[in-house]
Amino acid sequence: MGNINLFSEGGIVITVVLILIPVIVASLIVIVRTNASLRRYIKRKELERLTNYIKELNPAETEQLEKRKKELEFTLNNAELGTDLPTLDPKGLIDNVNTVESIRFVQQKRKGQPRPFIEPELTRLILWYLGCAVAWLLFGTSVGEYVGIKFAAPDIDHLSWLSFGRLRPVHTNAVFWGWASLAMIGLAYYVIPRVSNVPIASIKRGYYSLILINASVIAGSVSLMAGINNGGGEYREYIWPVMSLFGFGVIISLVNFLKTIAKRATREIYVSNWYIISAIMFLLVIAFVAYWPSWQNGLGETIVQGYYMHQGVGMWFMLFNLGLMYYFLPQQLNKPIYSYSLGILAFWAQILFYTLIGTHHFIFSAIPWWLQTVAIVGSVGMVIPVVAGTTNFLMTFNGSWNKLTGSYTLPFYLIGIIFYFTGSLQGTAEAFRFTNLAWHFTDFTVAHSHLTMYGIISFMLWGFFYTIVPRLTGKEPPQITVGAHFWLALIGLLFYTFPLMYGSTLRGLMWMEGKPFIDTVTFMGPYWLWRAIGGSLMWFSHILFTYNFYVMLRRKSDVELPKSAAEILQLKKETTINPQA
Amino acid sequence: MEFFDNHKKLFGTALGLFVGLTLLVAIIPAIKNQENNAPLPNAEKLSESALAGKQSFIANGCVACHTQQVRNVDMDKIWGARPGIAADYAAIKRTDFWRNTATLMGTERTGPDLTNIGNRQPSQAWNLLHLFQPRAVVEQSIMPAYPWLFEVKNEVGKDEVEVIVPDAFRKGISGKIIAKQEALDLVAYLQSLKQTPLPDGQAPMEFLYKNEEKPLTTNNGGAAPLPDGKTLYTQNCASCHQANGEGLKGAFPPVKGSPIVMGNDLDFYVSIIMQGYDARPEYAVMNAVGHDNNLSPEQVTAIINYERTSWGNNAKPVALEEVKKIIDLINSTAKK
C-alpha cells in the first residue's frame, strides 16, 4: 500500500492494543503471582521462627498462655434460658451454618457438593477439554466483538486478514467447533462413565480426540483468514481436509463412549446417553453428507447446505446439551427427572421433525416448493419436542424453586431452559412464509442464532462448568464474579438481541415498502451500535468466566499463622508430638 | 423393555431413522436437482477474468453480506426481472477437489443482492472506486474497503487502470492508485452477474405477495400523478451522481447546475438516461441506466423533474407525454 503511514490507521492501532491487552494482563498476572509466592515464603519463614520459639516455651509462659486462653474463652454457657444437653446430630445434617457478621453485599450461596471419586487421570482429561473450550470461547467472541464493531466503524482496519467477510466465519466456527463442541465432549467424558457406572474405556483416546479437534479449529481459523474457504455455505466454511480432522476427532470419542456404554454396569441406558450418543452419530452423518468432495453441483449445494446448517445446530449442539441437561438438572436438584417418558417422546420427535426443517433457510428460493413446505411443516412439528422438553425440565424444577436462590449454578440452568423454549419457538415462527418475508436476510437471523447458541447452549454449558469443575478440583469460584458473569452475559444478550430484532423487523418492512436500500442501511445504524454494546458486555462476562475457571483450577490455599492462644497451644501440641512438622 | 436396554438396537434404530430422513429430505432431492437441471441455452459462460474474480469474491467472504438470489416475492423485484430458478445455478459446479460448489446464494442481505448487479451498475470506474473505498461513492455505506486490491505507483503504466480517488479518501497516499489484476478480475465478475432472460416465449414465475400500487404523488401541476422522484433518484442515480447532485470530481459529473439537466434539449436528456453516455473523456462511461433497469416513462419523468427542481436547480418540470414520446421513439429505433 505504498506510502500509507501504518500508525495513522485505526485498525493497526487497535490491533496493537488488542495484542497488548493479553500481554499487559499476563504481566499483571505474573506480578500478582510473584508477589503472592513471595508473601507465602516470608510467612512460612515466620512460621518456622515462631515454631522454634514456641518449642522453647518454659512452663511458666505456658501457664500464662493457658490462663489467658481461659479468660478469653469465657462465654455464657448458652443454656441460661434453655438446656445444656448437647445437640444431637449424628448424621451431620447441620452444616454450613453461618451468621451475619457484616453487611452482605454478595449473598452467600451453597458450596458445591463434596467431590465424588473420579480417577485423577480422567479429571485431568476433562479439565483439558474444558480449558481448551474456554480458550476458544475467549478467542471466538473477541473476534465476534471486533466484527460487531465493524458495523459501526467499517474503516477500523484495512487488512485483508481482518476484513469482515473473512473474520465472520472465524468467529462462528471458533465458537461452534472450538468452544461449544469441546465443552460438550469434555462434559460427556464426565457424564457417560457416571451414568454407565464404569470407568471410561480409554483416557488416551480422549486426548487424541482433543488434539485433532483443536488442530481442526486452529487450521480452519488460519485458512479462513488467509482467504481459503469452502465457498460460502454458512458454518461450512472450513474446507473438507480441515473439517475431517474434526470428524476423526469426534469418531475417536464416539468409539470411546460406545465402548464405555457397552460394558456398563447398569441394565438400562440412561436417557442422557441416548441424546449424547445420537448427537455424535448424527453429527458424523451430517458432516459426511455435507463434505463428501464429489457432489453437490448447482442447487444440490443449497439443499445440502440447508440440511447441514440446521442439523448442525439442532442435532449436534441442541441434542447433545439436552442429554447433558438430563443428567445435570436432576442431579443438581437432588431429585429424579419429572418424566422419563417425556424425555423419550422428545427424543424421537426431535429426530423426526428436526431433520425435515433444514431448507427453511431458503424459503421462496429456487429450491423445490414441496421441499420448502416440508421444512415449514417440520418447523411447526418442532413445537412437540420443545414443549415436551421444557415441561419436563420445569416440572423437575417445580417444588425446588427455593434452591434457585441459594445456588450459583441453577440460574444458568434456568435461563438456558427458558431460552430453549423461547428461542426454539421463535425459530418455528420465523419459518412461516409471511414472517420470512419481513425477517429473512435481515439481522433478525443473527439475533435468533445468538438467542439460541448463546442463550441456550452457552448458558447451559456454563451451568455445567460451575457444577463439575469445583467437584473435580475441590476449589470454588468466587461468588461475586460468578454472579457478575451471569448478569453481564444475560443483560448483554438482551441488549444484543432485542434492538437487533426490533430494527431488523422495521428494516424488512422498509424493504417490502420498496424504500431505497441504502436508507435501510442508515436506519440500522443505531441498532447495530446497540448490538456492539450488548456484545461488549457479553465479551466482558467471558473474561470473568475465564477468571472463575482459573480460580477453580489453580487457586492456592493461604498459609495460616497461629493467632489466638488456642491456636498457639494447638501448634505446640502438634510440634511436640511430631517434631518434624 | 429389551429394546431400550440394548445399546446396539437403540442407537441403530435412531441412526437408521436419521439416515432415512436424511436420504428423503437432503440426499435424494439434491441429487435430483443436480441431475435434472441444465443451464438456460442463452446463458453466458464466465470469462477467464470473471472466473478469477469469483475466486476473490469467495476468498474475501463477500457472501456474508451479499445474496445472489431473487425470490419469487414482490419485494425482490428490484433485484431482478424474474424470480431465480434452478437453471440459473445449474452451470455452477464444484470449485475444485478441495472446495465445494459456490452458488453464493447467501443468507444475509446486509448489502444489496448481486444477482443482476452487472446490469444495474456495470461501470468499471464506479466499481473500482467502490472497492477501494465504498464511502467515496456511497457516503452511508458500511462495506469494508479493499485497498489491498490496489497499489500505489508513481506512473500509470501501459494497460494499467488508474482509480481517481477523492482527496478526502487518499490521505497519506502520494502517487497514482492503480488497480491490481485481482481488482480488475473482481469487477469483471461483478459485471458478469446478469440475469439471463428466459428463452423466447416462456413466461417467468409470478412474484408473490404483491405490493399494492403505491399512492402516486401529484407534484405535477394537476397533470397525471407520478411516482416519487427522490426515491427513484436514490435507487438509480445517486450512487454515481451522489445524493447532493454534485457527482465526484474526475469520475461522475454533477447534475446540480448541469446545462443538460437545466436546459431545454429534452431529447438529449432522456436519451442519456435511457441509453447511457460516453462523450466526455474526463468522466467515466455512463451505462444505459433507464434501459437496464426497465424504467417506465413515468419513472423517467419523475427523475427528470426531481433533478430539475432540487439542490438549487430551478428549471420547469417536464410533461409525461413528451418523455413518453421520446422513449417510444428510442425504443422503435433501437428495434430496427
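The values are calculated or read from the model by the stated rules, or taken from the named source; none is laboratory data. Just so we're clear, the structure is a prediction, and the values are computed from it rather than from any experiment. Virtual Cβ from ideal backbone geometry, glycine too; neighbours counted across all protein chains shown. These accessible areas exclude ligands, DNA and RNA; they are computed on the full protein's heavy atoms, side chains included. Shrake-Rupley method; radii C 1.70, N 1.55, O 1.52, S 1.80 Å.
Which parts of the stretch A:209-253, residue by residue, lose 50 Å² or more of accessible area when the rest of the protein chains are there, as against the chain isolated (1.4 Å probe)?
Residues meeting the cut-off: A:N229, A:N230, A:G231, A:W240.
Along Cα→Cβ, 7 Å out, is where each label goes; now give me the distance between the ones at A:S202 and A:I491 in nm to one decimal.
Here the modelled spin labels are 4.9 nm apart.
Could you compute how much accessible surface A:L65 exposes when probed at 1.4 Å, giving the result in Å² to the nearest 10?
In the full protein context, A:L65 sits at about 50 Å².
Can you give me the Kirkwood hydrodynamic radius for the protein assembly as shown, using every pair of distinct Cα atoms, in Å to one decimal?
31.6 Å
Can you tell me the 0 to 90 degree angle between the C-alpha axis of helix B:320-335 and the longest principal axis of chain B, rounded to 10?
Around 60 degrees separate the two axes.
Relative to the first principal axis of the alpha-carbon coordinates of chain B, what is the inclination of helix B:266-275, with its axis defined by its Cα atoms, in degrees from 0 to 90 and to the nearest 10?
20 degrees
I'd like the interface area for chains B and A: accessible area of each alone minus the complex, both sides summed, 1.4 Å probe, protein heavy atoms only. What is it in Å² to the nearest 100?
Roughly 7800 Å².
Please calculate the 1.4 Å probe accessible area of A:V191, with all protein chains present, and give it to the nearest 10 Å².
The value for A:V191 is about 0 Å².
Determine how large the accessible area of B:F97 is when every protein chain is in place; take a 1.4 Å probe and give Å² rounded to the nearest 10.
Looks like 110 Å² after rounding.
Counting Lys +1, Arg +1, Asp -1, Glu -1, what net charge surrounds A:T62 among other residues with beta carbon under 14 Å of its beta carbon?
That works out to +3.
Mind giving me the FRET efficiency for A:V387 and B:S296? R0 is 45 Å, r the Cβ-Cβ distance, nearest 0.05 is fine.
0.30
For n ≥ 4 DSSP H runs only, could you compute -39500 (n - 2.57) per run for chain A, divide by its residues and tell me the 222 nm figure to the nearest 500?
-23500 deg cm²/dmol
Students sometimes get this wrong: rank A:K572, B:K194, A:K475 by accessible area, probe 1.4 Å, all chains present, largest first.
B:K194, A:K475, A:K572
With a ≥ b ≥ c the root eigenvalues of the C-alpha gyration tensor of the stretch B:48-192, is it rounded (a/c under 1.5), prolate (a/b larger than b/c) or oblate?
Because a/c hits 1.5 or more and a/b exceeds b/c, the stretch B:48-192 counts as prolate.
Quick check on my link table: of A:K150/B:K171; B:K32/B:K194; A:K150/B:K256; B:K8/B:K93; A:K515/B:K256, which ones sit more than 29 Å apart, alpha carbon to alpha carbon?
Cα-Cα > 29 Å for A:K150/B:K256; B:K8/B:K93; rest within.
Taking the dipole about the Cα centre of chain A, with the C-beta of Lys and Arg at +1 and of Asp and Glu at -1, give me whichever of A:M382, A:L490, A:S458 is farthest to the positive side.
A:S458
Over the whole of A:367-377, what's the average partner chain Cβ count within 10 Å per residue? Rounded to a whole number, please.
Average per residue, whole number: 2.
Put +1 on the Cβ of each Lys and Arg and -1 on the Cβ of each Asp and Glu in the stretch A:148-219; which of A:L159, A:N173, A:S196 then has its Cα farthest toward the positive end of the dipole?
Selected residue: A:S196.
Excluding A:M501 itself, what net charge comes from residues whose Cβ is under 11 Å from its Cβ, given Lys and Arg +1 and Asp and Glu -1?
Here the count lands on 0.
State to the nearest 20 debye the size of the charge dipole of chain A about its Cα centre, where the only charges are +1 on K and R beta carbons and -1 on D and E beta carbons.
Using Cβ point charges on Lys, Arg, Asp and Glu, chain A gives about 1180 debye.
What's the FRET efficiency of A:N334 with A:A226 using the Cβ-Cβ distance as r and R₀ = 60 Å, to the nearest 0.05?
After rounding, the FRET efficiency stands at 0.75.
Tell me the carbon and sulfur percent of the accessible area for the stretch A:215-344, rounded to whole percent, probe radius 1.4 Å.
That share works out to 71 percent.
If I take R0 = 51 Å and measure r between the Cβ atoms of A:F288 and A:T34 in this structure, what FRET efficiency does the formula 1/(1 + (r/R0)^6) give, to the nearest 0.05?
Once the sixth-power term is evaluated, E becomes 0.50.
Would the stretch B:229-335 count as rounded, prolate or oblate if I go by the C-alpha gyration tensor, calling it rounded below 1.5 in a/c and otherwise prolate when a/b exceeds b/c, oblate otherwise?
Judged from the Cα gyration tensor, the stretch B:229-335 comes out oblate (a/c at least 1.5, b/c at or above a/b).
Quick one: which residues, 5 or more positions from B:Q69 or on another chain, have an amide H under 5 Å from its amide H? H modelled 1.01 Å from N in the peptide plane, none for Pro or chain starts.
B:L114, B:T115
Based only on the alpha carbon positions, what is the Kirkwood hydrodynamic radius of the stretch A:421-568, in angstrom?
So the Kirkwood estimate lands at 18.0 Å.
What whole-number value in Å² describes the accessible area per residue of the stretch A:229-362 for a 1.4 Å probe?
Computed with neighbouring chains in place, this is 26 Å² per residue.
Rank B:I164, B:S174, B:M75 by how far each Cα sits towards the positive end of the charge dipole of the stretch B:48-192 (+1 on Lys, Arg Cβ; -1 on Asp, Glu Cβ) and give me just the farthest.
After comparing all options, I get B:M75.
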